[in-house]
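Only one structure is covered here, and it is reproduced in the block below.
Every number here is computed from the coordinates shown, using simple stated rules; none is lab data. Model, not experiment: these values are computed from the prediction. Methodologically, a virtual Cβ is constructed for each residue, glycine included, from the backbone with ideal geometry; neighbour enumeration extends over all protein chains shown.
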Amino acid sequence: MKSERNSATSLRAAPSERSGREDPLEAEYLAYILGPDGRFLWLREFDAANDDEARTFAKLLGEYVELWKGTSFVAKIGPTNLAQ
C-alpha cells in the first residue's frame, strides 16, 4: 500500500539561495503570500537581522503577507479586510 505524503511536506519550497536550508520550517522568517481573497499563494523563507528588516522585505513580496519567525506570528502586511 502506498503511503500518502504529509501535506506539510508538499508545501516545502526549494532550498533558499541565501540559507541553503532543505526545510523552510527551519528558516528564520517565513512569509506566507496571500491573494486578495485571503487564500495561500506561496511561501518564501528568508533570514533577516531583526523583525523590522523582515517586515521591510516582506512588504516587497506582495500586497497581502503574513510574516512568521519560526512558529511565532510577527505581522500581517496589507489591508486587513481580506475577502472571507
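Quick look at the values:
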| quantity | calculated |
| --- | --- |
| Least to most buried among Glu45, Glu63, Glu28 (fewest other Cβ within 10 Å first) | Glu63, Glu28, Glu45 |
| Thr56 versus Trp42: modelled label distance in nm, points set 7 Å from Cα along the beta carbon direction | 2.3 |
